[in-house]
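Trainee: One structure coming up, written as structure tokens, with questions to follow.
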Amino acid sequence: MQKKLAALLCAVMCITAFTGCSSTELGYLQMSADLMNKMEVCEASGKVNVDVDVDAMKEYITDISKAAGYTSEMIDDSLESLKDIKGKKSAVLDYAIKMDMNNLDYYLDMDVTYDGKKYDMGDMYYAMKDGIYVSGNTLWGAYQLIADMAAADDTSYILNENFAKDLKAALDQSKYIKLMSMKDLGLTDEEIAKMVPEGGFGDLYVSVMDFYKNAFSGFTTNMVSEVSGGYKIQADGKAVAQLFIDLLDYVGNNPDTVLAATTTYMLDVMKVMNSSEEEVAAFKAQMDALQADTASIKAGANSIKLIVQQAITSASVSKVLNSFNYEATITKAGTGFNMKETFGITNGSKSVLKVTSNGTVKAGSGKVTMPISSVSVDAFEAKMEALTEKYNPVTAVTVLWGWEGDSEAMLTKERAEDSFFSGTSDDDITEYAIQDGRVYLPLRVICEAMGETVEWNNAEKTAYIVRTDGKTAMKGIIQDGKSFISVRDFEKLGYVVEYQAVDGLKQATLTK
């Protein structure tokens, strides 16, 4: 356990320390810290341009997959989602963000332009103490974009005019959807209150700088250079991989230095976050144990380093590392700063993907105010699931069972198309029963999934399937107050029943 903890700590340190302590790198960090520390509220805005050559991307995926040893069938499967898309595509994202730096409250407004058409992507909110909100306009904009991109497939249910009307009506009724709250994560009011310190996070900017200076003194990435008014960061895949290896070497060779700086920094964080004495004591005990066994740190660093070195020698990983590059320039602009970034993926002489962004960050005023009213994510998903059942109903249900010592089965709903709404779950766990060697499946769960109406007659102890042309009695067995029907009895409803063995398990597919 001690070695696993040491290895994890090494990985975290390396991931969070992708800068060095040369004078240039510390200057870049200090500039960022100074600017952010001066802003109680900041506003960011800009554009992100995305250019994709879909044909080049297909070649890129194929080349990497072949290098990884994938079969032709596996490669075809990985390219399935791109089969109807060809040529070069471009999109522009315009964004405006407002951030309350003391309370960690955020507001985001976005528009997307694709193939010359602009889509209003609405607005979103995030508050550390409250949760995440997304507007109905965001989902409507996403729908319009996806529908236009899928226009070639005019048989898709999402292009149905009535579906679009019903969706728009549902979204208009749900101006904001609360996707998540801190209480959903199991936090108490007291724990939530501690998440944001009084006076904000300004003290931690100083602590971060001290951490880098003390933990990584003498270490450099060679990725940061000074330009007029600011700094430039340049990296490619190989440089990033080598940086990770160099960091692991540094941590393994300087465990005492790194651990001491980490302990000081984390204690500062815990103080700002109002951690309890018990939490502080537990953390100190863990760090004391590591400091008493620095051999574990070195072993953990070496272990991860060997894994990384082995991985980057593989043909597929090497190809990926050779394919991408990154460049960013950050310069002061009054009380704020300008940022330019470019990320690219190439395959030989072909550009696969290029993402460029230009943005500004400046001091703002006022507060970020969360939406006054919203619907819960459960209530919203219920509306979306109702739309899915109406326009993309279940056509078959597959039930898989037979795990040793388990009386539960995996139930999967099959539809004509994949659901437009990712929140619509088509997989579930259900019960089944065995009596006199025969398998019985749950009637209500399966039939309601198929869109049937199930009625229970308590006097007769019989379930009925109610249709416009009458009722069909479904006699089976009762277990724990639930009605179970033998697999073949579903044929009484006109379903086609296919029964087969799958990898030592039993599977029944019921098709309308």
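Trainee: Taking θ = phi - 60°, what integer Hz values does the Karplus form 6.51 cos²θ - 1.76 cosθ + 1.60 yield along the stretch 403-417, in sequence order, with x for Gly and Pro?
Mentor: These are the phi-based 3J(HN,Hα) values: 5, 4, x, 10, 9, 10, 10, 8, 10, 10, 8, 10, 10, 5, 9 Hz.
Trainee: Just need the Rg to Rh number for the stretch 164-302, please, alpha carbons only, Kirkwood Rh. It would help to have the intermediate numbers written out before the result.
Mentor: Numbers: Rg = 21.8 Å, Rh = 19.3 Å.
My calculation of the ratio gives 1.13.
Trainee: Quick check: at a probe of 1.4 Å, how many percent of the accessible area of the chain sits on carbon and sulfur atoms?
Mentor: Carbon and sulfur: 52 percent of the exposed surface of the chain.
Trainee: Right, here's the next one. Provide the three semi-axes, in whole Å and in decreasing order, of the ellipsoid equivalent to the stretch 247-403 as defined by the square roots of 5 times the Cα gyration tensor eigenvalues.
Mentor: 39, 31, 30
Trainee: Sort I477, I446, I429 from largest to smallest accessible area, using a 1.4 Å probe on the heavy atoms of the protein chains.
Mentor: Numbers: I477 20, I446 0, I429 90 Å².
So the residues, ranked largest to smallest area, are I429, I477, I446.
Trainee: Mind ordering 93-106, 365-378 by average Cβ neighbours within 10 Å, highest first?
Mentor: Final packing ranking: 93-106, 365-378.
Trainee: Further, regarding this structure: Which distance in Å, rounded to a whole number, links the C-alpha centroids of the stretch 331-380 and the stretch 415-466?
Mentor: If we compute the Cα centre of each part, the gap is 46 Å.
Trainee: If I take R0 = 22 Å and measure r between the Cβ atoms of D154 and E414 in this structure, what FRET efficiency does the formula 1/(1 + (r/R0)^6) give, to the nearest 0.05?
Mentor: For D154 and E414, the calculated efficiency is 0.45.
Trainee: Find the accessible area per residue for the chain; the probe is 1.4 Å, ligands and nucleic acids are left out, and the unit is Å². Don't skip to the answer; put the middle values down first.
Mentor: Working: 27370 Å² over 512 residues.
That works out to 53 Å² for each residue.
Trainee: Here's something else I'd like to know. Using the per-residue mean of other Cβ atoms lying within 10 Å as a proxy for protection, in what order, highest first, do the peptides 178-188, 245-255, 343-353 fall?
Mentor: Per-residue mean Cβ counts within 10 Å order the peptides as 245-255, 343-353, 178-188.
Trainee: Once whole DSSP H runs in the chain are found, which of them have Cα atoms spread over 15 Å or more along the helix axis and a mean Kyte-Doolittle score of at least -0.5?
Mentor: Membrane-span-like by this rule: 2-16, 23-37, 54-67, 136-149, 202-215, 237-253, 255-272, 277-291, 294-313, 377-391.
Trainee: Follow-up. Could you compute the longest span of the chain free of GluC sites (Glu not before Pro) located in DSSP loops and having at most 12 other Cβ atoms within 10 Å, not counting the site residues?
Mentor: Details: sites that count: E198, E404, E460.
Longest site-free region, per DSSP loop and neighbour criteria: 199-403.
The values are calculated or read from the model by the stated rules, or taken from the named source; none is laboratory data. Because the structure is a prediction, the values reported are computed rather than measured. All Cβ positions, even for glycine, are placed from backbone atoms using ideal geometry, and neighbour counts span all protein chains on display. Side chains included, ligands, DNA and RNA excluded: accessible areas come from the protein's heavy atoms. Shrake-Rupley method; radii C 1.70, N 1.55, O 1.52, S 1.80 Å.
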